[in-house]
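The values are calculated or read from the model by the stated rules, or taken from the named source; none is laboratory data. Just so it is clear, the model here is predicted, and its values are computed rather than measured. Virtual Cβ from ideal backbone geometry, glycine too; neighbours counted across all protein chains shown.
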Amino acid sequence: MRFQTLATLLAGAMLSTAMPSPAADAPATPSIAGCEPGGPCATPLPVKVVVVSLFEIGKDEGDVAGEFQLWKTRRGLTQRIPFPQGFHDLYYNPETQVLGVVTGVGTARSTAATMALGLDQRFDLSRSYWLVAGIAGIDPEDASIGSVAWARYVIDGDLGHEIDAREIPADWKSGYFPRQTKGPNDMKGKPDPSGGEVFQVNPTLEKWAYNLTKDIDLPDSPAIAAERARFTDYPHGQEAPFVLEGDTLSAMTFWHGEKLTGWANDWVRYWSGGQGEFVTSAMEDTGVMQAVTYLDQIGRVDRDRVLVLRAGSNFTMPPPGIDAATYLLRENEGYAGLEASVENLYTVGSRVVDELLDKWDRYKDATP
């Protein structure tokens with residue numbers, strides 16, 4: 001009897017050794033406790049998805065949500081990682097291997113933070129997908145506040161020539177025009193984007209993300225319905241929030257008005273070679289794309305794994321009957337679509353993040 005018991009125990013021990021539990025199969029998350037920010041690190045953290053937020057209103061949790069808060073709380077980004085070379089500390093989920101970064105507002109900070117993260121040897125970003133997810137101004141010609149747009153082109157709105165509008169020739173629509181042209185009426189030739197004026201998102205990846213999310217029913221509210229109802233001359237601006245494809249213009253200036261919205265449409269059309277459509281205005285995306293482009297050239301990241309998603313928190317121009325200055329100053333007291341935009345941004349972006357994580361064996365080596 002004792003022999004049988006011992007034999008049974010030995011057999012069980014051999015079986016457990018030969019067939020380890022699923023938990024034993026899963027590799028432990030490396031520790032970066034001994035690695036200094038920006039210094040060498042022999043055990044970098046694997047990162048499947050980088051969620052790039054651009055700002056947070058107040059705290060990271062527990063108050064009015066900006067771009068980062070919902071990602072941090074709902075995606076379990078609980079591991080705080082010091083990031084003194086950037087604007088905001090990083091947060092990581094060791095189980096899902098999702099990393100959250102807040103770059104700070106504007107192309108200068110977004111470029112610096114993205115480059116700093118990409119060069120930080122504490123992270124293995126070689127297979128990471130990047131989701132730039134932020135709020136934006138939205139053109140009522142194309143969509144309403146609360147709507148969410150996947151960008152195909154990211155266009156820079158800063159590099160150019162400018163003459164004060166009070167001094168421009170009578171036949172000029174704007175005093176702002178591209179370098180290497182003779183004015184805003186000379187925007188029919190082939191553009192030279194050597195200054196970093198245009199970045200194209202991987203078209204196959206962008207189309208995959210759009211098709212995955214285009215039928216999501218986004219919530220509406222009486223508040224944003226009342227606001228968009230004022231845009232009587234813009235049918236798409238009066239629609240309930242929806243998912244669309246549309247390109248983003250990044251500029252350090254928070255501009256506003258019907259005439260500047262017209263300029264933005266012309267600008268995006270010119271720099272995209274007639275292929276793009278201005279939908280959202282933002283302040284950081286060209287910085288992220290420029291940094292990722294350089295990081296790709298040294299093998300730190302894969303530029304073809306970047307997506308840009310923007311949700312309309314405010315319109316880029318006032319409704320009929322209100323002047324631009326009055327409407328802009330009122331919106332600065334609180335964007336009419338802020339709550340809807342951050343919620344819908346998370347809803348749409350999460351669908352893509354979940355798909356990537358659920359099918360990581362498929363997507364880790366090849367983009368969709």
Quick one: is Thr232 out of contact with any Leu (no Cβ under 8 Å at 6 or more places or on another chain), under 30 Å from Pro368 (Cα atoms), of a type in the set (Ser, Thr, Tyr) and in the same structural domain as Trp263 (by TED's automatic domain parsing)? no
May I ask you to list the residues in the stretch 145-174 that are in contact (Cβ under 8 Å) with a residue 40 or more places away in the chain and assigned to a strand (DSSP E or B)? Val148, Ala149, Trp150, Tyr153, Val154, Ile155, Asp156
Turns out the helices (runs of 4 or more DSSP H) fully within the stretch 263-368 with at least 1 residues that are in contact (Cβ under 8 Å) with a residue 12 or more places away in the chain, in the same structural domain as Gly100 (by TED's automatic domain parsing) and of a type in the set (A, V, I, L, M) are 285-297, 324-331, 338-358
When residues of the stretch 292-316 are limited to those that are within 30 Å of Tyr363 (Cα to Cα) and small (Gly, Ala, Ser), the one surrounded by the most Cβ atoms within 10 Å (Cβ to Cβ): Gly312
Residues located in the stretch 317-347, provided they are of a type in the set (Val, Ile, Thr) and surrounded by fewer than 24 Cβ atoms within 10 Å (Cβ to Cβ): Ile322, Thr326, Thr347
Those residues that are assigned to a helix (DSSP H, G or I) and either in contact with a Pro (Cβ under 6 Å, 6 or more places away or on another chain) or crowded, with 20+ Cβ neighbours inside 10 Å (or both), I need them from the stretch 224-259; list them, please. Ile224, Glu227, Arg228, Gly237
Among the residues of the stretch 283-294, is there at least one that is in contact with a helix residue (DSSP H, G or I) (Cβ under 8 Å, 6 or more places away or on another chain), at pLDDT 95 or above and among the charged types (D, E, K, R)? yes
Mind listing just one residue for me: the one in the stretch 105-130 that is of a type in the set (A, V, I, L, M, F, W, C) and part of a loop (DSSP other than H, G, I, E, B) and, of those, surrounded by the most Cβ atoms within 10 Å (Cβ to Cβ)? Leu125
Among the residues that make up the stretch 209-218, is at least one of them aromatic (Phe, Trp, Tyr) and assigned to a strand (DSSP E or B)? no
Collect the residues in the stretch 99-112 that are touching a helix residue (DSSP H, G or I) at 6+ places or on another chain (Cβ under 8 Å) and either within 16 Å of Ser128 (Cβ to Cβ) or among the acidic types (Asp, Glu) (or both), keeping them in residue-number order. Gly100, Val101, Thr103
